[in-house]
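The values are calculated or read from the model by the stated rules, or taken from the named source; none is laboratory data. Values in this document were obtained by computation on a predicted structure and should not be read as measured data. Here the Cβ is made from the backbone with ideal geometry for all residues, glycine too, and neighbour counts use every protein chain on show.
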C-alpha cells in the first residue's frame, strides 16, 4: 500500500527558502542537511526543501504543485504574509464554486512555488 509521507519543493537557494518558510510558519526547520535539504514538521505533518544542487533532469524548480497550509485565523495570516512582502497572486477570497465554506489566498515562495493558505470549518467525526 502506498501512503502519504510528505511534500517537498525543489529550490535554488536553501537559505533564502528556509528564511521564507520560518517567517511564514513561525517555526524553524526540524532537520537541515548542509545546503541540500531541510524539513519542517508540525505534529505529524511535514514538508521539505531540496536544493537545486540535487536536481537532475527528473526534477524541476518552481511551480511543481501547490502546497496547502491551513490557517485558524485567515485574515490575520493574510495580513502577516502581506507584511512579509511575499508576492500574493490570489487575494483572500471565498471559493464560490465550492459547496463548502472555504477561504483562501495564494502566495509565491522565493522560487515561485505556489502556496495556498486556506481556512475552512473544521469538523470532528
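Pick from the range 9-42 the residues that are over 22 Å from residue 80 (Cβ atoms) and without any contact (Cβ under 8 Å) to a residue 12 or more places away in the chain: which of them is nearest to the chain's Cα centre (by Cα)? The residue in question is 31. In the set (1) over 23 Å from residue 43 (Cα atoms); (2) in a loop (DSSP other than H, G, I, E, B), residue 72 fails one condition alone, (1). Filtering the range 70-125 to residues that are within 25 Å of residue 51 (Cβ to Cβ) and free of Cβ contacts under 8 Å to residues at least 12 places away in the same chain leaves only 85. With respect to the conditions (1) modelled with pLDDT of 90 or more; (2) touching a strand residue (DSSP E or B) at 6+ places or on another chain (Cβ under 8 Å); (3) surrounded by fewer than 13 Cβ atoms within 10 Å (Cβ to Cβ), residue 81 falls short on a single one, namely (3).
No other residue among 89, 27, 2, 18 is modelled with pLDDT of 90 or more, on the phi < 0 side of the Ramachandran plot, assigned to a loop (DSSP other than H, G, I, E, B) and out of contact with any helix residue (DSSP H, G or I) (no Cβ under 7 Å at 6 or more places or on another chain) apart from 27. Candidates are the residues of the range 42-61 that are part of a strand (DSSP E or B) and more than 15 Å from residue 19 (Cα to Cα); the one that is modelled with the highest pLDDT is 42.
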